[in-house]
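A.B. asks: Before I ask anything, let me first share the structure, which is written out below as structure tokens.
The values are calculated or read from the model by the stated rules, or taken from the named source; none is laboratory data. This structure is a prediction, so every number in the text was calculated from the model and none was measured. Here the Cβ positions follow ideal geometry from the backbone for every residue, glycine too, while neighbour counts run over all protein chains shown.
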Amino acid sequence: MKRISAPEQTREQLRALIEGRLGTAPDRSSLVLLAARLILEEALEGEVSDRIGRERYERADGEAKGYRNGYRPGRMKTAEGTVEFAAPQVRDTPEPFVSEIRENLTGRTQALEDLAVELYARGLSTRDIEDAFTDESGRRLLSRAAVSEITERLWAEYEDFIKRDLSEYRIVYLYVDGIAERLRAGQPREAVIAAWGIGEDGRKVLLNLMAGSKEDTETVRAFFQDMRARGLGNPLLVVSDGAPGVIRAIEECFPRSARQRCLAHRMRNLAVKVPNRSMARVQNARGGVLPGSVTSDRARSRQRHPF
């Protein structure tokens, strides 16, 4: 019986997170850490395939150059937290196997975090993978064949996400927000529209992401229509910021749903207008208005939004 590879186990955890099966909200940090782990584990598997000349469970042509020998745990610190990954081990190689990818992770973690968001917002290209795994001199650490196979598997993950049937979730509360994300290292931040919902069973589900977007009516309407075509029903309530284009698209695409201004956005807008001397009084008062309010605006934003 074949064992499930480390990337496949990470894929299942990602899907469980996105679908709300882990019992936790699909927040940005959890998604980024797991997606970065998937990309890294795919790269490590590709590096081993390059070294021993074959994929997992594939027979060697001629004399074997080594064998896979399970996994060992690894850790990578990022701005979002620690990524715990599984690195494949190799035995019986002509020379001791040392992973160049692991040796060159220092200083590359931000690039992996950027790719983690892009994986589900737009999909990854071969160039994305090539550029992410190089040494200090710019030398590629993966063969073109390995990069192609990794990209193909990650593209399939992206397509599964953007084409999945949404009718099973029976969303009651739909949350929509536009945020700025850096999808490629060294490039300006791009707008990304995120949609997530709470179903009748209480599960929090990440429904859709779209990169390179503006909060104009036409763009947001297309974003909503895509989800409607995949089975998204009429939620009881749609929550968004106050962007006019978003509001109009909500009214057009969800005419039977109530609409509410996001309380986190409203409080941030209010904070800009309140004098510093009065801010403490406002913060004390909002506790009675907004149940479960927390002290940190950043923490509150992360609780309400996956991005």
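A.B. asks: Take region 126-178 and flag every residue that is among the polar types (S, T, N, Q) and more than 28 Å from Asp216 (Cα to Cα).
C.D. replies: Result: Thr126, Thr134, Ser137, Ser143, Ser148, Thr151.
A.B. asks: Only one of Met227, Met210 is surrounded by 15 or more Cβ atoms within 10 Å (Cβ to Cβ) and modelled with pLDDT of 95 or more; which?
C.D. replies: So the residue among Met227, Met210 that is surrounded by 15 or more Cβ atoms within 10 Å (Cβ to Cβ) and modelled with pLDDT of 95 or more is Met227.
A.B. asks: In region 238-249, what residues are surrounded by 15 or more Cβ atoms within 10 Å (Cβ to Cβ) and either within 20 Å of Lys204 (Cα to Cα) or free of Cβ contacts under 8 Å to residues at least 40 places away in the same chain (or both)?
C.D. replies: Across region 238-249, the qualifying residues are Val238, Val239, Ser240, Asp241, Gly245, Ile247, Arg248, Ala249.
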